[in-house]
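A quick write-up on the structure given underneath.
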Amino acid sequence: MTNKNVEELTKLMRQLVSDVQGAPFPSEKIEPELYSIWYEHVQRGAQNCFEFLEQHFPLDNSEFKDSLKKIFK
């Protein structure tokens with residue numbers, strides 16, 4: 001893993017956390033349009049993080065299967 005990858009991952013994760021922390025508070029007063037804009041923004045951030053992780057830190061299928069087996073014991 002290169003320093004550039006670490007810096008990019010850190011940037012993506014900080015942005016995602018910032019987006020999630022800025023979530024509109026669910027109430028009767030919130031406009032559906034505001035929530036929709038926020039939701040799309042956060043989904044895009046999450047997808048960017050996921051794609052980066054998959055590209056640079058792929059999960060081995062056997063590790064994933066082993067994790068699932070431990071969960072469902």
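The values are calculated or read from the model by the stated rules, or taken from the named source; none is laboratory data. This one's a predicted model, so the numbers in the text were calculated from it and none came from an experiment. A quick note on method: Cβ atoms are made from the backbone with ideal geometry, for glycine too, and the neighbour counts reach across all protein chains shown. What goes into the accessible areas is simple: the full protein's heavy atoms, side chains included, and nothing from ligands, DNA or RNA. Shrake-Rupley method; radii C 1.70, N 1.55, O 1.52, S 1.80 Å.
Being surrounded by 12 or more Cβ atoms within 10 Å (Cβ to Cβ), modelled with pLDDT of 85 or more and of a type outside the set (A, V, I, L, M, F, W, C) is the filter here; which residues of the range 45-73 pass it? Those that are surrounded by 12 or more Cβ atoms within 10 Å (Cβ to Cβ), modelled with pLDDT of 85 or more and of a type outside the set (A, V, I, L, M, F, W, C): Gly45, Asn48. Scanning the range 5-31 for residues that are of a type in the set (Lys, Arg) and within 16 Å of Asn48 (Cβ to Cβ), we see that the one that is surrounded by the fewest Cβ atoms within 10 Å (Cβ to Cβ) is Arg14.
Taking residues in the range 2-18 that are farther than 19 Å from Gln43 by Cβ and at pLDDT below 90, and partners anywhere that are open to solvent by less than 70 Å² (accessible area, probe 1.4 Å) and of a type outside the set (A, V, I, L, M, F, W, C), the pairs with Cβ atoms closer than 7 Å and at least 6 places apart or on different chains are Asn5/His56.
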